[in-house]
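Since the structure comes first, as structure tokens, the remarks are kept for the end.
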Amino acid sequence: MKVSLQPILSDSHLDATQNNSQRQLSISLAAVSEGNERLPLNLCLVLDHSGSMEGEPLRTVKSAAIALLEKLNPSDRISLVAFDHRAKTIVPNQEPSDIGQIERQIEKLRADGGTAIDEGIKLGLEEVSKGKQDNNSQIFLLTDGENEHGDNKRCVKLAEIASENSITLNALGFGKHWNQDVLERIADTAGGALSYIETPEQATNEFGRLFQRAQSVGLTNAHLVFELMPNVRLAELKPIAQVAPETIELPVLNEGTQIAVRLGDLMKEERVVLANLYIGRLAPGRQVIANVQVRYDDPVAGQSGIVSEKVPVFAEVQAAYVPSPNPEVQNAILALAKYRQTQIAEAKLQQGDRVGAATMLQTAAKTALQLGDNSAATVLQRSATQLQSGEDLSESDRKKTRIVSKTILQE
């Protein structure tokens, strides 16, 4: 398994007469298989079975979990943790050799008690760690409520521990009453996806989508490493973000003369990272402004800390500047703008500025249209219109707005 790495500048031409130029650097990455090998999956399902899951919600979640069992390979591993205001192991980490027995344990789940998400995550980490060797370790956390018996800061700390140990934590919010800020932070911190299951019948599809994504992981513990040339620097505020498959602000790690961001899993699906650069005055001609490479683990090969070859980023410095914008990078810039505009709108709404929030949501809707993301534009514009008409946004509206801001939903 190898890394595909392609850096592209928003405009590869620079004006030699300018003291400073700003450019966005888009980096596309993917795991490239040299054969048909698939990284074994070490999956832990952490499921909320609190009292609010009574009836159809819990029945459909159990059905969705059982459906995943049929997709496991003999080389995979599975475990299951259930939590209310406490957590317990229902299926200890094991090979899926006796699917029937595992299904019977899942079917025994009953709804009861409150919600302590951190207890579920803690026990899930313990279970997945038991089978974590030369594989792709994933946790699917599903909850339908607030963490009223738990500690949200502890949830984020546990997500950090997951990230440090190359365990990806995906968060699925079920229904309308889960805390989107907490689940998003958990997923973003641990390199996972945030998913919204609005109605019970969507559960199987969402579990299946995340499972398919997990199966496409080829490399783990990936870091994108930048070596910037003299006269080149990152923007000081929010310098690097992932924009596909979903938008996440990435914290910068200083590694001596280099800068890195942690990516976690690399999938066969393309991942796109956007860096905001400021470039000082350079002499005319073809100049290298940066080198990029990836440091990663290859569990199939049993190797860690592998470093890819450096890929140079070139700019053409012109005495007579002729712009050369790249449309692919412009789309990445729009995707990030849509996300940040929606964040500003949510902040304004929390401050009681409904007019300002509606205006920013309209701006985000226009950005989505420019991007060709018509589904997101519809959701964002509908929320803006509701605020303008004096209506409050429902919990469902807020969650849909957050999800479409993070993901490009092509029709």
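The values are calculated or read from the model by the stated rules, or taken from the named source; none is laboratory data. None of the values given here were measured: they were computed from a predicted structure. Cβ: placed from backbone, ideal geometry, glycine included. Neighbour counts: every protein chain shown. We work out accessible area using only protein heavy atoms, side chains counted, and drop any ligands, DNA or RNA first. Shrake-Rupley method; radii C 1.70, N 1.55, O 1.52, S 1.80 Å.
List of remarks:
- Some residue of the stretch 41-55 being outside any helix (DSSP H, G or I), touching a Phe, Trp or Tyr at 6+ places or on another chain (Cβ under 9 Å) and farther than 18 Å from residue 170 by Cα: yes
- Failed condition for residue 102, given (1) in a helix (DSSP H, G or I); (2) of a type in the set (A, V, I, L, M); (3) within 25 Å of the chain's Cα centre (by Cα): (3)
- Out of 380, 369, sole residue that is open to solvent by 30 Å² or more (accessible area, probe 1.4 Å), closer than 28 Å to residue 272 by Cβ and part of a helix (DSSP H, G or I): 369
- Just so you know, in the stretch 304-339 the residues that are free of Cβ contacts under 8 Å to residues at least 12 places away in the same chain and outside any loop (DSSP other than H, G, I, E, B) include one that is surrounded by the fewest Cβ atoms within 10 Å (Cβ to Cβ), and it is 327.
- Search result, residues across the stretch 117-157 that are part of a helix (DSSP H, G or I) and among the hydroxyl-bearing types (Ser, Thr, Tyr): 129
- Against the test of being under 25 Å from the mean Cα position of the chain (by Cα) and either at pLDDT 95 or above or not in a strand (DSSP E or B) (or both), the options 241, 283 yield a single qualifying residue, 241.
- All of (1) surrounded by 19 or more Cβ atoms within 10 Å (Cβ to Cβ); (2) modelled with pLDDT of 95 or more; (3) closer than 23 Å to residue 184 by Cβ hold for residue 344 with one exception: (1).
- For beta carbons closer than 6 Å, sequence separation of 6+ or different chains, a first residue in the stretch 287-303 that is under 19 Å from residue 1 (Cα atoms) and a second that is outside any strand (DSSP E or B) and open to solvent by 50 Å² or more (accessible area, probe 1.4 Å), the qualifying pairs are 293/310; 299/134; 300/37; 302/134.
- Condition check for residue 396: out of contact with any Cys (no Cβ under 6 Å at 6 or more places or on another chain), open to solvent by less than 80 Å² (accessible area, probe 1.4 Å), at pLDDT below 95 and not in a loop (DSSP other than H, G, I, E, B): yes
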